[in-house]
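The values are calculated or read from the model by the stated rules, or taken from the named source; none is laboratory data. Treat the numbers as computed from the prediction; the structure is a model and nothing was measured. All Cβ positions, glycine included, derive from the backbone under ideal geometry; neighbour counts span all protein chains shown.
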Amino acid sequence: MLQVKQLHKSYGKKVILDNISFSVAPGEIIGLVGENGAGKSTLLHILATILQPTTGQVTLDKTPYERKHMPVLRKEIGFVPQEIAIWEEFTVAENMKFFEKLSPVRLSEVALQQLCEAVNLYSWHESVSTLSGGMKRKLNIAISLIHQPKYLLLDEPTVGIDLKSKYEIIDVLKKLATEEDKTIIYISHDMDEITQLCNRVFHLGTDPFYQTLLKKRGKEVVVL
């Protein structure tokens, strides 16, 4: 279980996150919504151990986010940034093999190819530079799964891609949660995606627009 207690993040006098508390159970898919600048990406980067909070406590399966525990924590976390973070000049296969070498988990080429196929990416020998935006997003997700994390954090993973790829990514994430009991936290401005995908929704910021819209669609919304 992921637990966040009284989390605060500020830069000088500018407060980004203030007294944020929540918990997420295994197998849950949580949507994270709010206006631009509300702190969604900052929160996700803290959960991914990329940023440190100013104050507050985060624990992952009872392991606190402390410097001495970071190697253990990072083995359990998969992070998909908003920016596509892959090598354009490599093939899909070369990208997967490169990131596998950086992973604490060793996988065979067959297993790496199966990860790509699990996210509906079959262009194993094609150069990434020739792939569509949707295929690149799928590769980003496949890379995040190489070390078999329990927790998957995604920052707008479907932005700028075609509708078919969006639905395929949504289906993949649902399967990861239901069949592999992965905990997923998902940032998106697309309320159709949030409605289809997420069990619960966390709302950051002061604008009630997202909260009102999602409640009309029958989604449970927690104001952080």
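Listing for the model above:
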{"quantity": "Test result for residue 64, out of contact with any Cys (no Cβ under 9 Å at 6 or more places or on another chain), modelled with pLDDT under 95 and exposed (fewer than 14 other Cβ atoms within 10 Å of the Cβ)", "calculated": "no"}
{"quantity": "Exclusive hit being in a helix (DSSP H, G or I) and closer than 18 Å to residue 185 by Cβ, set 45, 69", "calculated": "45"}
{"quantity": "Whichever residue in segment 144-166 is out of contact with any Ser or Thr (no Cβ under 9 Å at 6 or more places or on another chain) and in a helix (DSSP H, G or I) and, among such residues, is nearest to residue 27 (Cα to Cα)", "calculated": "144"}
{"quantity": "Neighbours by Cβ (under 7 Å, 6+ apart or cross-chain): first from segment 18-44, crowded, with 18+ Cβ neighbours inside 10 Å; second of a type in the set (Ser, Thr, Tyr) and not in a loop (DSSP other than H, G, I, E, B)", "calculated": "24/183; 28/183; 29/186; 30/186; 31/186; 32/186; 33/210; 34/210"}
{"quantity": "Which listed residue, of 76, 83, is within 30 Å of residue 220 (Cα to Cα), acidic (Asp, Glu) and touching a Pro at 6+ places or on another chain (Cβ under 6 Å)", "calculated": "76"}
{"quantity": "Filter result (closer than 15 Å to residue 162 by Cβ and in a loop (DSSP other than H, G, I, E, B)) within segment 124-143", "calculated": "131, 132"}
{"quantity": "Any hit, segment 155-176, residues being in contact with a Pro (Cβ under 7 Å, 6 or more places away or on another chain) and modelled with pLDDT of 95 or more", "calculated": "yes"}
{"quantity": "In segment 106-115, the residues that are out of contact with any Leu (no Cβ under 7 Å at 6 or more places or on another chain) and surrounded by 12 or more Cβ atoms within 10 Å (Cβ to Cβ)", "calculated": "107, 109, 111, 112, 113, 114"}
{"quantity": "Qualifying residue in segment 152-168 (condition: touching a residue at least 12 places away in the same chain (Cβ under 8 Å) and among the aromatic types (Phe, Trp, Tyr))", "calculated": "no"}
